[in-house]
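The values are calculated or read from the model by the stated rules, or taken from the named source; none is laboratory data. Nothing here was measured: the structure is a model prediction, and the numbers come from that model. Note: ideal-geometry Cβ built from the backbone for every residue, glycine included; neighbour counts use all protein chains shown. Just so you know, the surface numbers come from the protein's heavy atoms only, side chains and all, with ligands and any DNA or RNA stripped out. Shrake-Rupley method; radii C 1.70, N 1.55, O 1.52, S 1.80 Å.
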Amino acid sequence: YRMWSSKILDALDEIRSKRESLEASRLMKMSAVLEKANKMQLFGAHFWLGRQVEGVPAQDAPIPEAPSKNCPINRKAKKPGEYWICVDLFGVRFVTADSQPGQSF
């Protein structure tokens with residue numbers, strides 16, 4: 001009777017140790033993913049999709065008495081386009097909506 005109980009307890013200890021190692025392994029994997037994500041340039045930034053327009057009629061301007069000059073985001077573009085407006089601790093960045101990963105202007 002005592003042999004059975006000791007064998008059962010030994011088996012239970014073995015199962016628990018494997019489970020703890022699996023949990024530790026899972027935690028290490030999640031930590032590694034988070035570490036890699038933190039190295040991404042725009043990880044954690046707030047972002048919105050926006051479109052630059054060339055001119056807005058005075059009655060439709062969101063800011064009263066806004067300057068009439070327009071500052072192009074991308075001078076290389078033939079026409080104004082859509083951009084991801086990304087805001088983080090470092091400032092505001094504009095990323096073209098149709099750009100490939102790792103490419104910018």
Under the Karplus relation with 6.51, -1.76 and 1.60 and θ = phi - 60°, whole-Hz ³J(HN,Hα) for the stretch 69-83, x at Gly and Pro, equal 6, 10, 9, x, 6, 10, 5, 6, 6, 6, 9, x, x, 9, 9
In the stretch 24-80, the trypsin sites (Lys or Arg not before Pro) that sit in a DSSP loop and have at most 11 other Cβ atoms within 10 Å of their own Cβ are LYS39, LYS69, ARG75, LYS76, LYS78
Over all viewing directions the Cα convex hull of the stretch 28-105 casts an average projected area in nm² of 7.0
Probe 1.4 Å, all chains present, heavy atoms only: VAL95 accessible area in Å², nearest 10, is 40
